[in-house]
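Everything below concerns the one structure shown next.
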Amino acid sequence: MISDHRFMKAAWIIVPLSAMIGCSGHLEHSSPIVEKAETAGAGDLKTASIPSIEYWLRKHRDLAEQIDIACKGPRETADAKWLDTTEGRLCAAARNVEMYSPKNLKKSDGQTFEPGLK
């Protein structure tokens with residue numbers, strides 16, 4: 001009788017905790033954008049922060065440009081939680097790299113210049 005009571009008490013604690021733990025993690029769908037970066041050598045991006053992804057993309061500017069272009073569609077239709085996904089963090093990092101990467105700029109007289117002091 002006592003062992004049945006302990007079992008029921010334990011069941012009332014273990015079952016809800018197991019349900020909460022099982023439901024707490026959200027599964028992300030596979031993204032071709034993320035797969036492209038991971039196969040290019042970025043490693044597993046699931047737990048990487050935006051600054052760490054950005055640091056890696058600065059060494060691979062061509063890939064950052066390709067990813068930024070590929071992110072245009074998802075960025076426009078994204079919901080509020082998209083930035084919390086792996087794809088959202090990767091796209092934000094690629095956009096940051098593209099915004100701040102120096103490119104040859106042409107003035108109206110045809111001369112080119114780059115940012116910085118000379």
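Here the Debye sum runs over all C-alpha atoms of the range 32-101 as equal scatterers in vacuum, and log10 of I(q)/I(0) at q = 0.14, 0.18 Å⁻¹ comes out as -0.33, -0.56. The residues packed around residue 34, meaning those with a beta-carbon under 13 Å from its beta-carbon, carry a net charge of -2 if Lys and Arg are +1 and Asp and Glu are -1. Across the range 32-101, Cα pairs under 8 Å and at least six residues apart give a relative contact order of 42 percent. Extension gain, residue 69 to residue 47: 0.36 nm times the residue separation minus the Cα-Cα distance gives 5.6 nm. Placing a pseudo-label 7 Å from each Cα along the Cα-to-Cβ vector at residue 80 and residue 101 gives an inter-label distance of 3.3 nm.
None of the figures in this text is laboratory data; all of them are computed from the coordinates on show. None of these values were measured; they are calculated from a predicted model. Glycine also receives a Cβ, built like all others from the backbone with ideal geometry; neighbour counts cover every protein chain displayed.
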